[in-house]
Structures are given as C-alpha cells and as structure tokens.
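Asker: I have a structure here, written as structure tokens, and I will follow up with some questions on it.
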Amino acid sequence: MPRTAVISDIHANLHALSAVIEDVQAEQCTDIVCLGDVVGYNAYPRECLDYIRSLNCPVVKGNHDEEVLHEEHYTRMNPVARQAMEWTRAQLSDEDLTWLSRLQYQRIVRSQFTMVHSGLDQPKAWNYIFNANDATGSFQKQFSMLCFHGHTHAPKVFVWDGHRAVDYSYLLEGLNENGVAEVPLTPSVKHFINVGSVGQPRDGDPRACYAIYDSDAQTVLFKRVEYDVTGAQQAILSVGLPEYLAERLEKGM
Ligand code: ZN
C-alpha cells in the first residue's frame, strides 16, 4: 500500500524532524518527499540537510535553500533574517551548497503528483498562497490532479471547481483538536494542498505538521506531532541565533 509522507519547511529544526520521522515510521509510510526549506531559522542546518540527503528522496528547492547561496542578497534582509542566514551559511560546506543549488523548483513524482515550494505559476517568485485567490495562478499551471506545496507554514486545501479556486480548508477543522484530519480526494478534480511546516509552524499550533498521501485510498492524512520545543529553543539560544526565533516556536507563529 503506497503511503507517501510529504514534509516541508523543516528549517533546521532537528528536534521536530526527528519526531516527524519517528511518526512516519510508525505510520508505515513507504516513501517520503520534501518540499524544501530544509535550512534557515533553527540550529541544525547541517544535520537536517545530511538527514534529508541520506533519504535519497525527491526534494524541491525552497526560498531559504536558495537565499543561503546568495550572500549578495543578505544586505536586503531584515536584521533577524540576515543574522540567521549568515550563521546558517557558515555551518554548510561547499558541497552542501552545491547540492542545494542543484535542486529543482518543481517535480512530478511517479506521474501521481506535483511538488513545489510556493506556487506553480512562478515557482522562483516565492509568492505566498494564503487564500483561494492567491491559488488561482498556480492551478492554471497544474497538470496533475494533485499538487503539494508549503512556504506559508500553514496547512491548507484548495480545489479547482472548473472555473475558480475554492478553499476547502474546513476539511482540516479537526486537525488541531485531534492531531489528525483526513481529506478525501475527489476523482478528476485538481487539488493544491499545503502540508504545513515541520520545523516552524505558523498556524497557532506549535506541533510539527506533515501529511501522508495514500494513493490507493486517495486520501491525504494531515498529522500534528509533538516534539521537544524547549530543546529546539535552547539550541537556538546556545548557538547565538536571535531570541525571537526561539520565542515563535512555542507560539506556533
Ligand atoms: Zn519556509
């Protein structure tokens, strides 16, 4: 039974990644894909990158994976982002940077689904898709029934009704109460699904978030996973990253 774990926006949070991987194994997932932003914000960029590379799984590039390569852009960032980016770059080897630079912006996996970090219409523009209106352009470039994305760090479900994008995120209403929510996929309807963030959730729930695509059952199961938030915060402070990055983890914002 093919069950694909879809993870995104790990952001160098090894505590969250380890907890999610343990859950992925308990769920008996058969494979895993990663929607980018492996690095940035948290204290373990090299360890998270090593882990993702060791999986030898499909990965697409996120904006942090790209920005870390371009030191000439750092001066344009706000002070918190700049400090985090400079620190992150110093942790990575030339070989790590080369690996990141070779990631594709979008991929189709087993002719079943597409993966992209932000949107399919301008994947290199890193647009944020918060609502159905924002999702319209991406649907026009989506040629599979299912596409997974990340980037906003908030789980969402959008569908194309033949004329326009519609927000079906009410299907996720039980997610934060129950820790799980199952979304049935409608045959012949395009779905554009944000799987949330492993390492820095921003939807008010500090627990890690990821999804499992069951291609036989045609469902996407969203899951919240508890992890050692305090440990991740202490790691941020102990390497001298901005305090704000530690604070936001416990608020899930
Ligand atoms: Zn991100």
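Since every read-out is calculated from the coordinates, none of them should be taken as a lab result. The structure displayed is predicted, hence computed values, not measured ones. Here the Cβ is made from the backbone with ideal geometry for all residues, glycine too, and neighbour counts use every protein chain on show.
Asker: Order by neighbour count: Tyr170, Tyr128, Tyr44, Tyr74, fewest other Cβ atoms within 10 Å first, most last.
Answerer: Tyr170, Tyr128, Tyr74, Tyr44
Asker: Give me the net charge for the shell around Phe148: Cβ to Cβ below 15 angstrom, other residues only, Lys and Arg +1, Asp and Glu -1.
Answerer: In short, +4.
Asker: Taking just the alpha carbons, could you work out the radius of gyration and Dmax for region 25-102, both in angstroms?
Answerer: For region 25-102, the Cα radius of gyration and maximum Cα-Cα distance read 13.4, 44 Å.
Asker: Helix 79-91 versus the longest principal axis of the chain: what is the Cα-based angle in degrees, 0 to 90, to the nearest 10?
Answerer: Roughly 80 degrees, rounded to the nearest 10.
Asker: In region 42-145, if every C-alpha pair distance is counted and binned at 5 Å from zero, what percent goes to each bin?
Answerer: Result returned by the calculation: 2, 11, 19, 20, 18, 14, 10, 4, 0.
Asker: If one computes the Cα centroid of region 133-168 and of region 177-253, what distance in Å separates the two points?
Answerer: That distance is 18 Å.
Asker: If neighbour count is taken as other Cβ atoms inside 10 Å, put Cys48, Cys57, Cys209 in order from fewest to most.
Answerer: Neighbour counts put them in this order, fewest first: Cys57, Cys48, Cys209.
Asker: To continue, here is another question. For the chain, what Kirkwood radius comes out of the mean inverse Cα-Cα distance, in Å?
Answerer: 18.0 Å
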